[in-house]
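Right, one structure below, let's go through it.
The values are calculated or read from the model by the stated rules, or taken from the named source; none is laboratory data. Everything numeric in this text was worked out from a predicted model, so none of it was measured. Note: ideal-geometry Cβ built from the backbone for every residue, glycine included; neighbour counts use all protein chains shown. Note: areas computed on protein heavy atoms with side chains; ligands, DNA, RNA excluded. Shrake-Rupley method; radii C 1.70, N 1.55, O 1.52, S 1.80 Å.
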Amino acid sequence: MIELQNLSKKYGKRKAADGISVCLKKKTYGLLGPNGSGKTTLLRMVAGVIRPTGGRVACSSGRIGYLPQNFGCFPELRVREQLEYFACLKRIPSGEQKREISRVLGLVHLQERGEERCRKLSGGMVRRIGIAQALLGRPDILLLDEPTAGLDPEERGNFSRIISQVQGQTAVLLSTHLVEDVKNLCQEVILLREGRIRKMGTTEQIAAAAQGRVFEIPERKAQELGGMVCIEHCFSRSGEQMARVLLLGRREILGEGAEPCVPDLRDGYLYLLQEA
């Protein structure tokens, strides 16, 4: 278990984190928020990369796995050597390192690349090494900053399987701008805005925030309403251009014929941000 107690971080006059308090159990948490909301800052404070300006991180275990947003490898090292370096940093006993490195290489489908120089790897493969080093030592807390960035669809699916395997065994805090990743992988959602927790709950609870606010209407009508609706996407139906919209004003502005929709996680996320 890990408890964040009134965490704050200032860069000059700007507050990147402002009084964040939450208790993380052995679940997978999705950290959602727009650019500049404080997601990366929060992960870096929990990982111990930067010190908070105020508050503290109380952790029942020192075993932390961390994948930073901009992970890189030493180009001259071989893949196994790179992972040996991380294994030493994590103080994994030398007698266990070979077996543990083989295990995580298998998880990310790179077992055949162990002797290859890191400089020859694609960006997606480097990202997979980043995931592998985070999993070394079977951490109790896993911090992942944009873990699926640069992964092809097949590897994104493989990453989902990896997360499903550790669910219930470790606390996972996964930062992403991809709502679909959170919907598929996470048991709870933490919505950040301007360094504060705007809302926390299950994916169903976040989606429910937009109940009665999502409709399908003709696209021309959506364009006329301007800032009273947020156009999520447009599509064609029976030869007519339609729009799925998030209603920000009163229901009456839509007029007759607006078709209500069941809100999903993306709807709730957008509504809570707009409401804030």
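Summary of values
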quantity	calculated
The stretch 55-157 shape via C-alpha gyration tensor axes, a/c threshold 1.5	oblate
Given [x] 1, 6, 12, 17, 20, 17, 12, 8, 5, 2, 1, 0; [y] 1, 5, 8, 9, 8, 8, 9, 9, 9, 9, 7, 5, 4, 3, 2, 1, 1, 1, 1, 0, 0, 0, 0; [z] 1, 5, 12, 14, 15, 13, 12, 10, 7, 5, 3, 2, 1, 0, 0, the label whose value is P(r) over Cα pairs in 5 Å bins from 0, in percent derived from this model	[z]
Where Arg220, Arg80 fall by accessible area, highest first, once all protein chains stay in place (1.4 Å)	Arg220, Arg80
Angle in degrees between helix 79-89 and the longest Cα principal axis of the chain, rounded to the nearest 10	80
Cα-Cα over 22 Å, subset of Lys9/Lys183; Lys15/Lys183; Lys15/Lys199; Lys25/Lys183; Lys25/Lys98	Lys9/Lys183; Lys15/Lys183; Lys25/Lys98
Dipole magnitude of the stretch 155-223, debye to nearest 20 (Cβ charges: Lys/Arg +1, Asp/Glu -1, about Cα centre)	240
Charge dipole magnitude, Cβ of K and R +1, D and E -1 - the stretch 21-178, Cα centre, debye nearest 20	420
Fraction of antiparallel bridges per DSSP, the chain only, in percent to nearest 5	65
0 to 90° range, to nearest 10: angle between helix 94-107 axis and the chain longest Cα axis	30
Accessible area per residue, Å², the chain with all protein chains present, probe 1.4 Å	50
Lys/Arg +1, Asp/Glu -1 at C-beta; the chain dipole; positive extreme among Asn70, Met1, Val49	Val49
Approximate shape of the stretch 101-215 as ellipsoid semi-axes (Cα gyration tensor, √5λ), whole Å, largest first	31, 15, 13
Net charge dipole size for the chain [Lys, Arg +1 and Asp, Glu -1 on Cβ; Debye, nearest 20]	1260
Distance from the stretch 76-154 to the stretch 1-19 (C-alpha centre basis), Å	30
The chain: angle of helix 153-166 to the longest principal axis, Cα-based, in degrees nearest 10	70
